[in-house]
1. Expressed as a whole number of Å, what is the distance separating the alpha-carbon centroids of region 172-245 and region 111-138?
2. Using the charge dipole of region 117-221 (Lys, Arg: +1 at Cβ; Asp, Glu: -1 at Cβ; taken about the Cα centre), state which of Ala119, Val136, Leu192 has its Cα farthest towards the positive end.
3. If we sort 18-24, 4-10 on the protection proxy, mean other Cβ atoms within 10 Å, highest first, what's the order?
4. Among Pro232, Gly91, Ala146, pick out the residue whose Cα is farthest towards the positive end of the charge dipole of the chain, where Lys and Arg carry +1 and Asp and Glu carry -1 on C-beta, about the Cα centre.
5. What residue among Ala223, Ala175, Ala111 has the largest mean-square fluctuation in a Gaussian network model of the chain, using Cα springs under 10 Å?
6. If you take every DSSP beta bridge fully contained in the chain, what fraction is antiparallel? Give it as a percent rounded to 5.
7. Probe of 1.4 angstrom, ligands and nucleic acids ignored: what's the accessible area per residue over the chain, in square angstrom?
8. If you roll a 1.4 Å probe over the chain with all protein chains in place, what percent of the accessible area is carbon or sulfur?
Amino acid sequence: MTRTARAIGRSLRAYYGDAHRTTRMEALLSQFIRPGDLVFDIGAHVGDRTACARRLGARVIALEPQHAVFRALQRLHGRDPDVTLVRAAVGSTCGTTVLHLNSRNPTVATASTTFVAAADGAEGWAEQCWDGRIEVPVTTLDALIARYGFPAFAKIDVEGLEDAVVAGLSTALPALSVEFTTLQRDVAGRALERLEALGTYRCNYALGERHTLCLPEWCSPAAMARHVADLPHDTNSGDIYLRLD
């Protein structure tokens, strides 16, 4: 078995094997997703959020650019008529990009060279090695909307290019989540600025894989950027949730 296959196996156990995590995720996403909704899963990896959205009755467009991970997605969701799988990255413009692969941890594959540089020598990232590269197609949120329709919710988790993804959006979505890392807080800041320019959003956040909102009250994008800036480095990552006010 290859290193990548073993890593995908670990992801499947981690993301599908914890019933408490699954329950928390479903409770959180049910605040944004209703039966019949369309959901975009940007950076689907092994599709645990796709699975959650389907349990909530939504149709899903799931995008994942990695070959091996995409094959796992096909095995898990390829026969579901309400899931459309797209092997592509998402960015600010349509075209192609170079995806940096991490064979030991495909979860952190990235098209961002600055993300790779930020991780080099950073605390908590010493064991990460991007040891492969492939060229992949890139689409945009606007192009996805034109092809598949307007989503009620979009999840964006693309390892350091979240700001580029929302730069390819010209209309405010009702709700979305945007991953952040303490390696590159500025990426989250730019994404929040862009979304604030599109609509009047209120924000909250969840840390790591806890799927529990941290703030008792929802706040503005500017306030959320300050919350992210103040987090300790070992927080590592989380997801910012935004909904139109």
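1. Here the answer is 22 Å between Cα centres.
2. Checked the options; the winner is Leu192.
3. Numbers: 18-24: 12.9, 4-10: 15.7.
In decreasing order of mean packing, 18-24, 4-10 become 4-10, 18-24.
4. Looking along the dipole axis, the top candidate is Ala146.
5. Checking each option, the largest mean-square fluctuation is seen for Ala223.
6. Values: 23 of 41 bridges.
Around 55 percent antiparallel, to the nearest 5.
7. On the way: 11020 Å² over 245 residues.
Computed with neighbouring chains in place, this is 45 Å² per residue.
8. On the way: 5400 of 11020 Å².
Accessible surface attributable to carbon and sulfur in the chain totals 49 percent.
The values are calculated or read from the model by the stated rules, or taken from the named source; none is laboratory data. It should be emphasised that the depicted structure is a prediction, and the values quoted were computed from it without experimental measurement. Positions of Cβ are backbone-derived with ideal geometry, glycine not excepted, and every protein chain shown enters the neighbour counts. Note: areas computed on protein heavy atoms with side chains; ligands, DNA, RNA excluded. Shrake-Rupley method; radii C 1.70, N 1.55, O 1.52, S 1.80 Å.
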